[in-house]
Amino acid sequence: MAADPGTERSNEITFTLGPEHGSQSPATAAASRDESPLAGLRVVVADHDIGLRRRTAELLREYGALEVVETDDRERFRTVLRTRPRAESGWHVALWDRELESDPGGLAEFLNACRHEFPGTAFVLTTDEVSTTAAVAALRGRASEIVTRRASGAELAETVLRAFRDRQQDREEVRADRKPFRMLVVGAHPDDAEIGAGGTIHRRVQAGWEVTVLTMSHGAVGGDPDERVAEAHEAVNSLGATLVLEDLPDGGIPDNVETVRRIERVVQRVRPDVVLVHSENDTHQDHRAVYRATVSAARGVERFACYQSPSATVDFAPNRFAGLRETDLEAKLTSIHTHGSQAKTRAYLRDDLLRATARYWSRFTREYYAEPLELLRVSGLVWQENSDE
Ligand SMILES: [Zn+2]
């Protein structure tokens with residue numbers, strides 16, 4: 001995705017996203033090969049004694065390590081760790097000799113600083129003997145493991161592998177916590193979501209969000225029903241989102257518990273972080289019914305906002321403005337064109353009007369286009385007013 005500066009404004013709808021999922025380390029598969037348990041691993045060995053250092057490095061290579069670099073110096077240790085970009089998953093394990101830093105406080109501080117700077121690397125403290133003091137030092141420095149400097153090859157390999165795996169598991173747990181944001185956009189008829197929030201859907205999908213569109217009816221009577229269903233899917237897919245299509249009666253969407261249940265089912269499945277729906281300030285009875293049902297069905301969702309439909313009344317009072325780029329607006333227009341039969345006949349779906357509307361709302365943002373939203377509710381801590389993806 002291209003860099004996208006300057007969208008922060010207090011009245012825009014902005015969120016942060018977790019980072020891209022990191023590249024998987026090579027050693028997971030290799031770990032199961034008994035003859036070379038360290039296959040694929042890159043290890044840094046720091047030891048003040050050249051003989052022991054050589055021995056350790058040789059043992060690591062013997063057990064399959066892909067790359068081993070030796071050092072006996074604090075600065076060089078960090079320099080080596082910096083040589084490999086994290087994109088290549090960096091150094092997997094670094095062994096640090098306790099003797100290299102005699103002051104226990106300094107040792108803990110140094111190891112903590114390393115851990116912070118190189119979060120992908122597992123640190124192992126090496127020591128003459130595994131005593132309580134040494135164990136405490138490892139603990140304070142948050143080293144993954146501790147091992148004697150004269151350990152056998154098997155013991156050394158086992159320790160290094162365990163440290164690597166623990167670190168990798170920690171990292172995966174952190175990543176699992178940073179799932180992409182999920183947005184659910186609910187509309188009464190095919191094309192409602194695209195008209196009200198098509199640009200926002202496109203932009204959020206581009207930023208890595210998972211977006212689901214829930215359309216409550218197959219749309220106006222007339223035309224080939226199968227063709228309309230196909231168009232509905234194609235239009236939503238063209239924005240990068242997924243369509244869930246319900247079949248409540250167009251023009252008579254009931255304002256009752258059945259409608260609530262149908263939306264609830266999708267909310268439970270999608271578990272959205274944000275829900276967008278029609279505004280209550282709308283002259284179309286279907287839009288109001290879907291708005292009301294969604295308020296009930298999405299009561300547990302942290303962020304809830306309403307988009308503008310062509311049938312919105314003058315009471316529609318937006319307080320958030322989702323900035324759009326030219327590409328987002330183009331994608332919106334394309335998706336609306338996909339509803340071929342509708343777009344040709346309805347004056348409110350003309351490109352010039354859609355473009356002018358988006359252009360008008362941009363006056364509340366620093367972008368060229370925008371879609372307006374009535375933000376009804378924000379709860380929880382994830383909303384970030386001043387940062388964009
Ligand atoms: Zn509609």
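The values are calculated or read from the model by the stated rules, or taken from the named source; none is laboratory data. Remember, it's a predicted structure, so these values are computed and weren't measured experimentally. When we count neighbours, we look across all protein chains shown, and the Cβ atoms used for this are built from the backbone with ideal geometry, even at glycine. Accessible surface is based on the protein model in full, side chains and every heavy atom, while ligands, DNA and RNA are left aside. Shrake-Rupley method; radii C 1.70, N 1.55, O 1.52, S 1.80 Å.
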Among the residues of region 269-284, how many are at pLDDT below 95 and within 16 Å of the ligand (Cβ to nearest atom)? 0
In region 259-285, anything basic (K, R) and in contact (Cβ under 8 Å) with a residue 60 or more places away in the chain is listed as R271
Spot the failing condition for E234; the list is (1) in contact with a helix residue (DSSP H, G or I) (Cβ under 6 Å, 6 or more places away or on another chain); (2) at pLDDT 95 or above; (3) surrounded by fewer than 19 Cβ atoms within 10 Å (Cβ to Cβ), and only one is missed. (2)
Quick check on region 194-204: of everything there that is in contact with a helix residue (DSSP H, G or I) (Cβ under 7 Å, 6 or more places away or on another chain) and within 18 Å of D286 (Cα to Cα), which residue is surrounded by the fewest Cβ atoms within 10 Å (Cβ to Cβ)? I195
Test for L214: is it within 20 Å of A293 (Cβ to Cβ) and either within 14 Å of the ligand (Cβ to nearest atom) or not in a strand (DSSP E or B) (or both): yes
Can you pull out the residues in region 250-260 that are part of a loop (DSSP other than H, G, I, E, B) and open to solvent by less than 70 Å² (accessible area, probe 1.4 Å)? D250, G251, G252, I253, P254, N256
Output the residues belonging to region 112-142 that are hydrophobic (A, V, I, L, M, F, W, C), open to solvent by less than 20 Å² (accessible area, probe 1.4 Å) and closer than 19 Å to S102 by Cα. C114, F123, V124, L125, A134, A137, A138
When you go through (1) of a type in the set (S, T, N, Q); (2) under 30 Å from L107 (Cβ atoms); (3) outside any helix (DSSP H, G or I) one by one for T133, which number turns out not to apply? (3)
Does H287 count as under 32 Å from the mean Cα position of the chain (by Cα) and within 12 Å of the ligand (Cβ to nearest atom)? yes
Keeping to region 318-341, report how many residues are part of a helix (DSSP H, G or I) and touching a Phe, Trp or Tyr at 6+ places or on another chain (Cβ under 6 Å). 1
Read through the list (1) over 30 Å from the mean Cα position of the chain (by Cα); (2) surrounded by fewer than 19 Cβ atoms within 10 Å (Cβ to Cβ); (3) part of a helix (DSSP H, G or I), then give the number of the only condition that R363 fails. (1)
Could you list, in sequence order, the residues of region 290-317 that are assigned to a strand (DSSP E or B), within 16 Å of the ligand (Cβ to nearest atom) and of a type outside the set (A, V, I, L, M)? C306, Y307
Collect the residues in region 60-84 that are over 16 Å from D97 (Cα atoms) and either in a helix (DSSP H, G or I) or not assigned by TED's automatic domain parsing to the domain that holds T148 (or both), keeping them in residue-number order. R61, E62, T79, R82, T83
Looking only at region 168-210, and only at residues there that are modelled with pLDDT under 90 and of a type in the set (K, R), the one that is farthest from the ligand (Cβ to nearest atom): R171
Residue pairs, Cβ under 9 Å, 6 or more apart or interchain, first in region 181-202 and within 16 Å of L354 (Cβ to Cβ), second among the aromatic types (F, W, Y) and more than 16 Å from the ligand (Cβ to nearest atom). List them. G199/Y369; I201/W209
Hey, can you tell me all the residues within region 271-289 that are in contact with a strand residue (DSSP E or B) (Cβ under 9 Å, 6 or more places away or on another chain) and in a helix (DSSP H, G or I)? D286, H287, R288, A289
